[in-house]
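S.K.: Starting off with a structure, shown below.
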Amino acid sequence: MTVPLGVMRGLDQCASASGRFTILALDHRQNLRRELRPSDPDGVSYGELVDFKRAVVRTAAPVGSGILLDPEVGVAQVIVDGSLPGSLGLIVAVEATGFLGEPTARRSRILSGWGVDRIKRMGASAAKLLVYYHPDSPTAGEQERFVAEVATACGEADLAMFLEPLSYDPGGGQLAPEERRRVVVETARRLVPLGATVLKAEFPYPADVTDARRWREACLELNEAAGIPWVVLSGGVDHGTFEQQAEAACAAGASGILAGRSIWADAAPLAPDPRDAFLAGAARDRLQRLADIVERHATPWRMARGAPTAPAPTEGWYASY
C-alpha cells in the first residue's frame, strides 16, 4: 500500500516514539450526556460537555500518544485555549453521531457542515470514520460505498483514516459470542480493502467470554483479516478487563489501543474538584498502564502487515508531489 507523505506523517504524530498507538478516545457526544448525568442526560448543557472534555484533555490525555475528538463538542475549544498539547497526535471524527434508518438496517452519514477537507484544514493528524456494519445487513452495500467515498476523500487530502466498524445484530437482538467473532473478522475482510489506513477494531468477543485461548485465536484471525495496522477499542468494558484484552490484541499483532470510557467514565458524574483529582490520578494511571502494555507487546505500525509506505524520494521529488 503506497500512500502520500501526509498520511505517513499523520500516523507518526499519533504514535509514540517507538511507533505504537496509545490513543485516548473522547469523541463521545450524546452518550457522554448519559455518563455525565445518568438520571437526566437531556439536562446536560453544551457547556458541561465542553468543560468535561477540557478537563480530560488537560489532565489525562498527555500520557498517551494521541487523542480522538469530535467537531461538535471540544476539539476547537481545546485548541483555542491551549489545553491540547501540540505534541499530541489529533484524530477528528468525520461522522454524525448515531445512525439513520431502523436499528436492524443502519446507515451512517457525515456530520452536516463537516468533512475530510475541514479536518485536514484544521491541522488534524488523521480522520476517524465510524460505521455501523453487519455483512448480512440489507444496508451492507450502502455502508461499503460510504466507507469507500470517505477513504477516497482522505486519500485526496493526504490524510490517514482510522476506520471504526461497530457490529450489530440485524435480527434486533444481541450477537452470540461466536457470531460476534465471525462478524468482527468478516467486517475487517470486507471494509479494510476499501481504503482504511488503520482499523479501529472491536475486541472479537464480548466481555463475558474470558477464555484466553479463544481470545488469542480470535485476535490472530482478526490480525490476518485486517492486513493493515490495527488498534483495539475498549467498547465500555471495565478497565481491568480492557487491560487484559489490550494485551491479548497487541500480542496477536495489534499496533496499540484506542480507548475511552474504560479510562475516564468514572470521572464523568463527579463534581469538578473530585473529577479533576480522579482524572489526574486514576485516569492517568490507567492510561499509563495501557501505554506500558502497548510498548511491551504491540507491533510498531511501520512493521505491521500491510503498513502504509511511501516511495523513496529522489532528487526533485517535490515537483510531481
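S.K.: Tally time: how many residues in the stretch 268-308 are farther than 30 Å from Leu222 by Cα and out of contact with any Pro (no Cβ under 8 Å at 6 or more places or on another chain)? Steps first, answer last, please.
M.R.: Our first condition is that a residue be farther than 30 Å from Leu222 by Cα; within the stretch 268-308, this holds for 268-282.
Among the residues that remain, those that are also out of contact with any Pro (no Cβ under 8 Å at 6 or more places or on another chain) are: 268, 270-282.
The total comes to 14.
S.K.: Continuing with this model, one more query. Scan (1) polar (S, T, N, Q); (2) surrounded by fewer than 23 Cβ atoms within 10 Å (Cβ to Cβ); (3) within 22 Å of Ala76 (Cβ to Cβ) for the single condition Thr152 breaks and write down its number.
M.R.: (3)
S.K.: Quick check on Pro274: is it without any contact (Cβ under 8 Å) to a residue 40 or more places away in the chain and under 23 Å from Pro62 (Cβ atoms)?
M.R.: On the way: without any contact (Cβ under 8 Å) to a residue 40 or more places away in the chain: yes; under 23 Å from Pro62 (Cβ atoms): yes.
Spelling it out, Pro274 is indeed without any contact (Cβ under 8 Å) to a residue 40 or more places away in the chain and under 23 Å from Pro62 (Cβ atoms).
S.K.: Sticking with this one: Can you tell me which residues in the stretch 8-31 are under 16 Å from the mean Cα position of the chain (by Cα) and among the aliphatic types (A, V, I, L, M)?
M.R.: Within the stretch 8-31, Leu11, Ala15, Ile23, Leu24, Ala25, Leu26 qualify.
S.K.: Further, regarding this structure: Please find, within the stretch 220-240, the residue that is farthest from Ile23 (Cα to Cα) out of those that are surrounded by 16 or more Cβ atoms within 10 Å (Cβ to Cβ) and of a type in the set (Gly, Ala, Ser).
M.R.: Going through the qualifying residues, I end up with Ala225.
S.K.: If a residue has to be small (Gly, Ala, Ser), over 18 Å from Asp136 (Cα atoms), outside any loop (DSSP other than H, G, I, E, B) and under 16 Å from the mean Cα position of the chain (by Cα) to count, how many in the stretch 174-223 make the cut? Show your work before the answer.
M.R.: From the stretch 174-223, those small (Gly, Ala, Ser) are 176, 188, 195-196, 201, 207, 212, 218; that's our starting set.
Then keep just the ones that are over 18 Å from Asp136 (Cα atoms); that gives 195-196, 201, 207, 212, 218.
Of the ones still in play, those that are also outside any loop (DSSP other than H, G, I, E, B) are 201, 212, 218.
So of that shortlist, the ones also under 16 Å from the mean Cα position of the chain (by Cα) come out as 201.
The number of residues fulfilling the criteria is 1.
S.K.: For the stretch 106-149, enumerate the residues that are in contact with a Lys or Arg (Cβ under 6 Å, 6 or more places away or on another chain) and either within 17 Å of Gln30 (Cα to Cα) or among the aliphatic types (A, V, I, L, M) (or both).
M.R.: Tyr132
S.K.: If you take the residues in the stretch 279-321 that are of a type in the set (S, T, N, Q) and in a loop (DSSP other than H, G, I, E, B), which one is farthest from the chain's Cα centre (by Cα)? Write out each step before concluding.
M.R.: First, pick out the residues of the stretch 279-321 that are of a type in the set (S, T, N, Q): 288, 299, 309, 314, 320.
Remaining after also requiring in a loop (DSSP other than H, G, I, E, B): 299, 314.
On the way: Thr299: 17, Thr314: 35 Å.
In this case the residue turns out to be Thr314.
Conditions tested, residue by residue: (1) in contact with a strand residue (DSSP E or B) (Cβ under 6 Å, 6 or more places away or on another chain); (2) touching a residue at least 60 places away in the same chain (Cβ under 8 Å).
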| residue | (1), (2) |
| --- | --- |
| Asn223 | no, yes |
| Val232 | yes, no |
| Glu243 | no, no |
| Ala267 | no, yes |
| Ala304 | no, yes |
| Ala307 | no, yes |
| Pro311 | no, yes |
| Tyr321 | no, yes |
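S.K.: Right, another one. When you scan the stretch 164-185, do you find a residue that is surrounded by 17 or more Cβ atoms within 10 Å (Cβ to Cβ), in contact with a Phe, Trp or Tyr (Cβ under 9 Å, 6 or more places away or on another chain), β-branched (Val, Ile, Thr) and closer than 21 Å to Glu221 by Cβ, even just one?
M.R.: yes
S.K.: Pick from the stretch 35-58 the residues that are of a type in the set (D, E, K, R) and surrounded by fewer than 17 Cβ atoms within 10 Å (Cβ to Cβ): which of them is nearest to Ala312 (Cα to Cα)? Even if it seems obvious, please write down each step before you answer.
M.R.: Going through the stretch 35-58, the residues of a type in the set (D, E, K, R) turn out to be 35, 37, 40, 42, 48, 51, 53-54, 58.
From what's left, surrounded by fewer than 17 Cβ atoms within 10 Å (Cβ to Cβ): 37, 40, 42, 48, 51, 54.
Details: Arg37: 52, Asp40: 56, Asp42: 53, Glu48: 48, Asp51: 45, Arg54: 40 Å.
Out of the qualifying residues, it is Arg54.
S.K.: Also, quick follow-up: Taking the condition surrounded by fewer than 23 Cβ atoms within 10 Å (Cβ to Cβ) and free of Cβ contacts under 8 Å to residues at least 12 places away in the same chain, does Glu217 pass?
M.R.: Working: surrounded by fewer than 23 Cβ atoms within 10 Å (Cβ to Cβ): yes; free of Cβ contacts under 8 Å to residues at least 12 places away in the same chain: yes.
Yes: the conditions hold for Glu217.
S.K.: Within the stretch 89-105, which residues are surrounded by 20 or more Cβ atoms within 10 Å (Cβ to Cβ) and more than 18 Å from Asn31 (Cα to Cα)? Write out each step before concluding.
M.R.: Of the stretch 89-105, the ones surrounded by 20 or more Cβ atoms within 10 Å (Cβ to Cβ) are 89-95, 99.
Matches in the stretch 89-105: Gly89, Leu90, Ile91.
Laboratory data are not the source of any read-out in this text; all were calculated from the coordinates shown. Owing to the predicted nature of the structure, the values given are computational and were not obtained by experimental measurement. Here Cβ is always computed from backbone atoms with ideal geometry, including for glycine, and neighbour counts include all displayed protein chains.
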